[in-house]
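For reference, the structure is listed below as structure tokens.
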Amino acid sequence: MEEILNHTIHEHLKNLREKKYSVKEYITACLQQAERYKDYFIFINLNAEKILKNAEESDQRYQKKENRSLEGIPVAIKDNICEEDEYVTCASKILQNFISPYSATVIKKLKEQGAVLFGRTNMDEFAMGSSTENSAFQITKNPLDPERVPGGSSGGSAAAVAAKITPTSLGSDTGGSIRQPAAFCGIYGLKPTYGRVSRYGLVAFASSLDQIGPFARTIDDIALIFSIIQGYDPKDSTSHPKSKELEVDPNPLPFNKNEIKKLKIGIYFPKEGEEGFDDIIIKTCNQFQYNLEKQGFRLEPIESSLWKYSIAIYYILATAEASSNLARYDGIRYGYRSQNAKNLLDVYIRSRTEGFGNEVKRRILLGTYVLSSGYYEAFYHKAQKARKKIREEYKEFFKTYDFILMPTTPTIPFKIGEKVNDPISMYKSDILTISTNLGGIPSLNIPLISEYSQFPVGIQIKSNHFEENKIFRLAKTFETFGWIKT
Ligand code: GLN
């Protein structure tokens, strides 16, 4: 049964319908694969009994020939997306014993389509980090090379798909947390347009930037999952009304020769010897540019004078929002409460001191500082203005270009422990992903095969707001050319 783990979702659905194997057989194979990867610490919670019970129920629906678009497909879920009656820890001690009383909209949608929810994946605490090393519980290893990090913060979700435990999973992306782990693990990962996927039931980190999105190994599978989870949701006040009308094609068509000639693509590829970039990334981009031009794509290098500020802008806005969002963990309402407190104030202080990890504390301190009276104008307000400029610049770019292509990360996956004591260098690894969130636009990581590297290299396809379908078509075109590791 092990070889069936290589199938795509579309193939599984066909096989399950034709009764080549049952959902229970398939899910059992997935659980065995999870067991083989036990030492990689991909899941925080994996309740095999419950998963098998759900698989049986799904088999019964197959018997009754009920037609659902994701019947029997296992989906691993990042541990910050609420699922009723499941632990939702956000990889934090402060929520270690928290069981969610309700489900996120995306979870409801997946279940309605017959998906089998498959465990809760490891992450950086409250999604703050780029390596999954900030988890309060464990360090996830990269299935491509266990000495290296899987990226973060959705490292567990990316690793589950890369290890072929599940064909797909959900993560969240505030500054790169879907695309960067997808790049490090050699798979697809989509950060959707802000407002296109409901955030209802996603534990908030920085609400104006957070989006939920899928991981998968083929573009058809990404498109299928996205078609299910996207859409307007009145329960999320930032859900965009436009999401009501838009449809997603779960089988995107590649662009033909004529269409390719008409497309205009802005490229932001590092130059020979550019500081901060690994040689592998630079050489792969060069080769990619050559291949694209040979196929008739029209490319133009683009420059932005603003992107270099994106890390600074992000660490003001994201921490400000986080300091406010995380104020609810006070040791009173839910979550961890210190046993040693002497009075009410002490309950707050000790519960938060003992419950939060160092990175989370660092962000709360920074966020509280930039919002404090006297500094608000200088930092927060100014960062808001700068963010608006980045958004406007993207709008300008997309008047001329259909797409922007750039690497997802400046380096290949780093070694476990390499950056833990150097937060600034860790923050810098997000230099290419953060401006996307500030602009609210969609961006997809694609795993490009590289002759310079044993593992695929992550490239981002960005496009204008709500243009996910167009992004999928370009990725499909690259897949058809045989450029993508699937
Ligand atoms: N790595 C970034 C951070 O640490 C982004 C995290 C995210 O997208 N959730 O904040």
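Only one of the numbered conditions (1) away from the ligand (no atom under 12 Å from the Cβ); (2) not in a loop (DSSP other than H, G, I, E, B) is violated by Thr166, and that is (2).
Looking across segment 39-50, just one residue is of a type in the set (A, V, I, L, M), over 18 Å from Ser131 (Cβ atoms) and within 23 Å of the chain's Cα centre (by Cα), and that is Leu46.
When the criteria are applied in full, Tyr37 meets the requirement of being touching a Pro at 6+ places or on another chain (Cβ under 9 Å) and more than 23 Å from Phe226 (Cα to Cα).
So how many residues does segment 11-24 have that are in a helix (DSSP H, G or I) and either surrounded by fewer than 16 Cβ atoms within 10 Å (Cβ to Cβ) or free of Cβ contacts under 8 Å to residues at least 60 places away in the same chain (or both)?
Selection size over segment 11-24: 6.
Let me confirm something: among Lys294, Lys264, which residue is more than 16 Å from the ligand (Cβ to nearest atom), loosely packed, with under 15 Cβ neighbours inside 10 Å, under 23 Å from Val457 (Cα atoms) and touching a residue at least 60 places away in the same chain (Cβ under 8 Å)?
Within the list Lys294, Lys264, the selection yields Lys264.
Only one of the listed residues (Thr368, Thr409) is in contact with a helix residue (DSSP H, G or I) (Cβ under 6 Å, 6 or more places away or on another chain) and part of a loop (DSSP other than H, G, I, E, B). That residue is Thr409.
Does Gly175 fit the bill of being within 16 Å of the ligand (Cβ to nearest atom) and either outside any strand (DSSP E or B) or over 12 Å from Thr121 (Cβ atoms) (or both)? Yes. Of all residue pairs spaced 6 or more apart or on separate chains, those with beta-carbon atoms under 6 Å, a first member in segment 165-186 that is charged (D, E, K, R) and a second member that is at pLDDT 95 or above and within 13 Å of the ligand (Cβ to nearest atom) are Asp173/Lys191; Asp173/Gln211; Asp173/Gly213; Arg179/Gly189; Arg179/Lys191; Arg179/Thr408; Arg179/Thr433; Arg179/Asn445.
Only a single criterion out of (1) in a loop (DSSP other than H, G, I, E, B); (2) in contact (Cβ under 8 Å) with a residue 12 or more places away in the chain; (3) more than 28 Å from the chain's Cα centre (by Cα) is not satisfied by Gly335, namely (3).
Scan segment 225-239 and tell me whether some residue there is within 16 Å of the ligand (Cβ to nearest atom) and touching a Gly at 6+ places or on another chain (Cβ under 6 Å).
No.
Just give me the residues in segment 110-152 being more than 14 Å from the ligand (Cβ to nearest atom), under 30 Å from Gln60 (Cβ atoms) and out of contact with any Leu (no Cβ under 8 Å at 6 or more places or on another chain), in sequence order. Full working, then the answer.
In the first step, residues of segment 110-152 are kept if they are more than 14 Å from the ligand (Cβ to nearest atom); the result is 110-120, 136-148.
Filter once more, keeping what is under 30 Å from Gln60 (Cβ atoms): 110-120.
Result: Glu112, Val116.
What pairs can you find where one residue is in segment 123-148 and closer than 14 Å to Phe41 by Cβ and small (Gly, Ala, Ser), the other is in a helix (DSSP H, G or I) and more than 9 Å from the ligand (Cβ to nearest atom), and their Cβ atoms are less than 8 Å apart, with a gap of 6+ or different chains? Qualifying pairs under 8 Å: Ser131/Gly155; Ser135/Glu125; Ala136/Lys93; Ala136/Glu125. When segment 178-190 is examined, which residues are found to be in contact with a Ser or Thr (Cβ under 8 Å, 6 or more places away or on another chain) and either assigned to a loop (DSSP other than H, G, I, E, B) or more than 16 Å from the ligand (Cβ to nearest atom) (or both)? Answer for segment 178-190, where residues must be in contact with a Ser or Thr (Cβ under 8 Å, 6 or more places away or on another chain) and either assigned to a loop (DSSP other than H, G, I, E, B) or more than 16 Å from the ligand (Cβ to nearest atom) (or both): Ile178, Tyr188. Considered as a group, the residues in segment 408-441 that are among the basic types (Lys, Arg) and either within 21 Å of Tyr394 (Cβ to Cβ) or modelled with pLDDT of 90 or more (or both) include one that is nearest to the ligand (Cβ to nearest atom), and that residue is Lys419. Looking only at residues that are of a type in the set (D, E, K, R) and part of a helix (DSSP H, G or I) in segment 338-358, which one is nearest to the ligand (Cβ to nearest atom)? The qualifying residue nearest to the ligand (Cβ to nearest atom) is Arg352. Within segment 217-276, the residues that satisfy the criterion of being among the charged types (D, E, K, R) and at pLDDT below 95 are Lys242, Lys244, Glu245, Glu247, Asp249, Lys271, Glu272, Glu274, Glu275.
Filter segment 191-210 for residues that are within 13 Å of the ligand (Cβ to nearest atom), outside any loop (DSSP other than H, G, I, E, B) and of a type in the set (A, V, I, L, M, F, W, C) and give the result. Passing the criteria: only Leu202. Just so you know, in segment 270-325 the residues that are of a type in the set (A, V, I, L, M) and in a loop (DSSP other than H, G, I, E, B) include one that is farthest from the chain's Cα centre (by Cα), and it is Ile302. Among the numbered conditions (1) assigned to a loop (DSSP other than H, G, I, E, B); (2) hydroxyl-bearing (Ser, Thr, Tyr); (3) within 16 Å of the ligand (Cβ to nearest atom); (4) closer than 21 Å to Tyr40 by Cβ, the only one that Ser157 does not meet is (1).
I'd like to check something: does segment 94-109 contain any residue that is within 14 Å of the ligand (Cβ to nearest atom), β-branched (Val, Ile, Thr) and surrounded by 24 or more Cβ atoms within 10 Å (Cβ to Cβ)? Among the residues of segment 94-109, not one is within 14 Å of the ligand (Cβ to nearest atom), β-branched (Val, Ile, Thr) and surrounded by 24 or more Cβ atoms within 10 Å (Cβ to Cβ), which makes the answer no.
The values are calculated or read from the model by the stated rules, or taken from the named source; none is laboratory data. Treat the numbers as computed from the prediction; the structure is a model and nothing was measured. Cβ: placed from backbone, ideal geometry, glycine included. Neighbour counts: every protein chain shown.
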